[in-house]
Amino acid sequence: MSDTTRTEFSLQALAARTGVASRTIRLYIATGLLPGPLRGGRCAAYGPEHASRLEEIRSLQREGLTLREIARRLAAPGAAGTIVEPTPWLSFGVSPDVVVLVREDVSPWRMREIRGAVSRMSAQLDEEVKRDRAQRRTAEGTRIPTNESLREENRHDQRD
């Protein structure tokens with residue numbers, strides 16, 4: 001092969017090379033995660049850039065990103081026709097003065113982890129609030145003597 005010849009793969013060869021099923025590759029093309037083939041039709045051809053993009057997608061999936069998050073990350077900044085979609089957020093009230101915001105489109109396993117962390121945080125904050133209230137009640141009910149108050153009591157005792 002000369003330098004002017006481009007390396008091309010069939011859909012099956014690309015699937016075998018990357019370990020991504022042909023059906024999944026078609027899905028990625030349909031959703032815009034992967035560019036279309038270099039040549040269409042029965043003899044569709046894919047290049048090395050398709051293989052590297054599939055590896056990048058798989059790597060991001062291993063990090064726990066959803067396909068929507070991957071599409072956002074891989075989108076070229078300022079690309080023509082790119083519409084910025086609003087991002088839905090979930091709001092978790094941890095305590096009366098603390099709110100945790102979480103993107104709605106996180107993966108299910110990640111959401112379970114987040115819910116567990118938020119639950120633990122809420123319990124910890126509740127315990128700290130209870131402890132603070134108990135300390136304030138104790139401090140209000142018990143007068144802590146100061147040097148000045150002790151001198152005043154001594155003067156009072158000496159007069160009696």
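Readers should treat all values here as calculations from the given coordinates under stated rules, not as data from a laboratory. As the structure is a prediction and not an experimental result, all values here were calculated from the model. Using ideal geometry, Cβ is built from the backbone for each residue, glycine included, and neighbour counts are taken over all protein chains shown.
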Can you tell me the length gained on complete extension of the stretch ASP97 to ALA75, counting 0.36 nm per residue apart and subtracting the Cα distance?
4.2 nm
Under a Cβ-Cβ cut-off of 12 Å, what is the net charge of the residues other than ARG120 that fall near it, where Lys and Arg count +1 and Asp and Glu count -1?
-2
Around VAL20, with a cut-off of 10 angstrom between Cβ atoms, what is the net charge of the other residues, counting Lys and Arg +1 and Asp and Glu -1?
+2
